[in-house]
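Student: So that we are looking at the same thing, I have put the structure below in structure tokens.
Values quoted throughout were computed directly from the atomic coordinates according to the rules given, and no laboratory measurement underlies them. Worth saying up front: this structure is predicted, and the values here are computed from it rather than measured. Note that we place each Cβ from the backbone using ideal geometry, even for glycine, and neighbour counts take in every protein chain shown.
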Amino acid sequence: MRVEIWSDVVCPWCYIGKRRFEQALEQFEHADAVEVVWRSFELDPNAPSARTESHAEHLAKKYGVSAAQVEAMDARLIGEAKKEGLEFHLAESKGGNTFDAHRLIHLAAESGRGGKMKERLMKAYFTDGVAIGERAELVRLAIEVGLDQEEVKAMLSSERLANDVRADEARARTFGISGVPFFAIDERYGVSGAQPADVLLDVLRQAYVNSQMVMAGGDDADSCADGSCEV
């Protein structure tokens with residue numbers, strides 16, 4: 001089974017949804033048969049590499065709400081994150097363009113570290129207050145998960161893997177994905193939003209059952225094998 005997850009590293013519900021999916025996977029009886037693939041999705045493709053305004057100022061302007069309303073929104077997210085064992089420091093978060101971060105996840109995936117890179121980037125943004133759009137910070141985080149410093153620098157200074165990010169986003173559009181997180185299982189089952197772990201577990205189980213071939217007949221049924229039907 002392949003589970004493809006579209007998300008952005010600056011999406012709070014994506015981080016919460018990641019934890020809920022991991023909880024579901026821990027309970028799934030066939031977890032060893034699941035391949036998890038992280039897909040790119042930019043909430044704000046036109047964002048600058050680093051924002052000069054604060055988190056609260058940016059949200060107040062974006063949604064046309066007051067500072068008090070931003071604080072209430074943040075409090076809800078912080079509470080939901082805490083239930084999943086996550087520590088959010090939203091007021092200290094430093095927003096910015098995430099295109100390079102998504103390229104970095106693709107690079108890490110080439111050596112089987114895509115999941116680790118995704119986790120580190122999300123923790124960096126939501127917990128550590130790291131400016132996620134700054135390349136120097138991306139290099140530092142990549143080194144932490146075991147990527148080669150020079151390879152990361154070379155990738156960031158080129159267009160390498162840019163098409164991979166764009167391909168993920170184009171595919172999301174063909175699926176009609178307009179919000180994240182979005183979980184696609186074997187391209188047959190779609191789950192939108194940070195659903196509870198038990199909901200995700202039910203979908204995993206249903207998808208697994210429906211992916212299994214139903215066998216009829218037995219070993220002695222008429223068939224060709226091992227050259228027995230050579231003519």
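Student: Contour minus end-to-end for Gln212 and Arg140, with contour as 0.36 nm per residue of separation and end-to-end as the Cα-Cα distance? List each step's numbers first, then the result.
Tutor: Numbers: separation 72, 0.36 × 72 = 25.92 nm, distance 4.31 nm.
So the extension gain works out to 21.6 nm.
Student: Give the peptides 35-41, 104-110, 203-209 in descending order of average Cβ contacts within 10 Å, highest first. Mind dumping the intermediate values first?
Tutor: Values: 35-41: 19.4, 104-110: 22.0, 203-209: 16.4.
Put in order of decreasing packing, that is 104-110, 35-41, 203-209.
Student: Once you place label points 7 Å from the Cα toward the Cβ at Arg205 and Glu87, how far apart are they in nm?
Tutor: 3.5 nm
Student: Using the alpha-carbon atoms, what tilt in degrees (0 to 90, nearest 10) does helix 135-144 show relative to the longest principal axis of the chain?
Tutor: 50 degrees
Student: So if we plug the beta-carbon distance of Arg171 and Ala68 into 1/(1 + (r/R0)^6) with R0 = 41 Å, what FRET efficiency do we get, rounded to 0.05? Provide the component values of the computation, followed by the final result.
Tutor: Details: r = 40 Å, r/R0 = 0.96.
Taking R0 as 41 Å, the efficiency between Arg171 and Ala68 is 0.55.
Student: Using alpha carbons only, how many angstrom separate the centre of the stretch 55-74 from the centre of the stretch 1-52?
Tutor: Value for the Cα centre distance between the two parts: 25 Å.
Student: Could you tell me the calculated FRET efficiency between Arg160 and Glu57, based on Cβ-Cβ distance and R0 = 41 angstrom, to the nearest 0.05? List each step's numbers first, then the result.
Tutor: Values: r = 34 Å, r/R0 = 0.84.
Once rounded, the FRET efficiency stands at 0.75.
Student: For the stretch 2-211, what does the relative contact order come out to in percent, with C-alpha contacts under 8 Å and a separation of six or more? List each step's numbers first, then the result.
Tutor: Working: 306 pairs, mean separation 67.3, N = 210.
Worked out over the stretch 2-211, it gives 32 percent.
Student: Would you calculate a helix-derived [θ] at 222 nm for the chain, using -39,500 (n - 2.57) for each DSSP H run of n ≥ 4 and dividing by the full residue count, to the nearest 500?
Tutor: Values: 9 runs with 112 residues, N = 231.
Only helices count here, giving -15000 deg cm²/dmol.
Student: Tell me, what ³J(HN,Hα) does each residue in the stretch 73-84 have, in order and in whole Hz, if you take phi through Karplus 6.51 cos²θ - 1.76 cosθ + 1.60 with θ = phi - 60° and put x for Gly and Pro?
Tutor: 4, 5, 4, 5, 5, 4, x, 5, 5, 4, 4, 9
Student: Then there is this: State the antiparallel share, in %, of DSSP beta bridges confined to the stretch 2-211, rounding to the nearest 5.
Tutor: Details: 8 of 15 bridges.
Looking only at bridges with both residues in the stretch 2-211, the antiparallel portion is about 55 percent.
Student: Further, regarding this structure: Within a Cβ distance under 13 Å of Asn97, other residues only, what is the Lys/Arg minus Asp/Glu net charge? Numbers along the way, then the final one.
Tutor: Numbers: positive: Arg51, Lys94, Arg103, Arg135; negative: Asp8, Glu42, Asp44, Asp100, Glu134, Glu137.
Net charge in that neighbourhood comes out at -2.
Student: Please compute the net charge surrounding Val70, taking Lys and Arg as +1 and Asp and Glu as -1 over other residues with Cβ under 13 Å from its Cβ. Write out the running numbers ahead of the final one.
Tutor: On the way: positive: Lys61, Lys62, Arg76; negative: Glu53, Glu57, Glu71, Asp74.
Result for the neighbourhood of Val70: -1.
Student: Within a Cβ distance under 9 Å of His55, other residues only, what is the Lys/Arg minus Asp/Glu net charge? Could you put the intermediate results ahead of the total?
Tutor: Numbers: positive: Arg51, Lys94; negative: Glu53, Glu57, Asp74, Glu92.
Overall, the nearby charge balance is -2.
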